[in-house]
1. Heavy atoms only, probe 1.4 Å: what % of the accessible area of the chain goes to carbon and sulfur, would you let me know?
2. Which value, in debye to the nearest 20, gives the size of the charge dipole of the chain about its Cα centre, when Lys and Arg are +1 and Asp and Glu are -1 at the Cβ?
3. If you wrap a convex hull around the Cα atoms of segment 1-73, how much volume per residue is inside, in Å³?
4. For the chain, what does the relative contact order come out to in percent, with C-alpha contacts under 8 Å and a separation of six or more?
5. Over segment 46-98, what is the relative contact order in percent, taking alpha-carbon pairs closer than 8 angstrom and at least six residues apart?
6. Counting other Cβ atoms within 10 Å, keep those with at most 16, restrict to DSSP loop, and tell me which chymotrypsin sites (Phe, Trp or Tyr not before Pro) in the chain are left.
7. I need the calculated FRET efficiency for the pair Thr22 and Ala86, taking r as the beta carbon distance and R₀ as 22 Å, to the nearest 0.05.
8. Given 0.36 nm per residue, what is the gain on full extension from Ala58 to Met1 after removing their alpha carbon distance, in nm?
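The values are calculated or read from the model by the stated rules, or taken from the named source; none is laboratory data. Only a predicted model underlies this, so the values are computations on that prediction, with no experimental measurement involved. Cβ atoms come from the backbone with ideal geometry, glycine included; neighbour counts cover every protein chain shown. For accessibility, only protein heavy atoms count, side chains too; no ligands or nucleic acids. Shrake-Rupley method; radii C 1.70, N 1.55, O 1.52, S 1.80 Å.
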Amino acid sequence: MIVRKLTELNGTDREVNADTWTSRRLLLSEDGMGFSLHDTIIRPGTTTEIHYQNHLEAVYCIEGQGHVTVVDTGEIHHIEAGTVYALDGNEKHLLTAD
């Protein structure tokens with residue numbers, strides 16, 4: 001059984017920072033679950049270009065709002081608390097946090 005608290009990840013190698021986000025990796029492939037689970041904070045007023053080419057991704061917004069723009073189509077989807085978006089076709093997208 002794996003039991004892990006978000007607060008235990010602060011300042012460890014499971015906390016990764018970039019200019020526009022901070023991600024705490026609760027589960028990784030090395031945990032043997034067959035999927036990963038991250039708690040990610042997107043910095044307000046930023047846009048991040050994202051393109052996962054080798055895996056599928058699902059994102060669930062628990063706080064805040066913004067939008068996702070699909071690069072190939074220009075489609076824009078509003079994101080707010082309680083919204084999930086799933087990249088079932090490895091879509092390259094822009095994630096903007098308001």
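1. Working: 3420 of 6790 Å².
After summing per-atom areas, the C and S share lands at 50 percent.
2. 280 debye
3. Details: hull volume 9.3 nm³, N = 73.
Per residue, the Cα convex hull of segment 1-73 comes to 128 Å³.
4. For the chain, the relative contact order is 25 percent.
5. Values: 112 pairs, mean separation 27.4, N = 53.
RCO, segment 46-98: 52 percent.
6. Values: sites: Trp21, Phe35, Tyr52, Tyr60, Tyr85; in loops: Phe35, Tyr52.
Passing both the DSSP loop test and the Cβ count: Phe35, Tyr52.
7. Numbers: r = 22 Å, r/R0 = 1.01.
Between Thr22 and Ala86 the formula returns 0.50.
8. 18.2 nm
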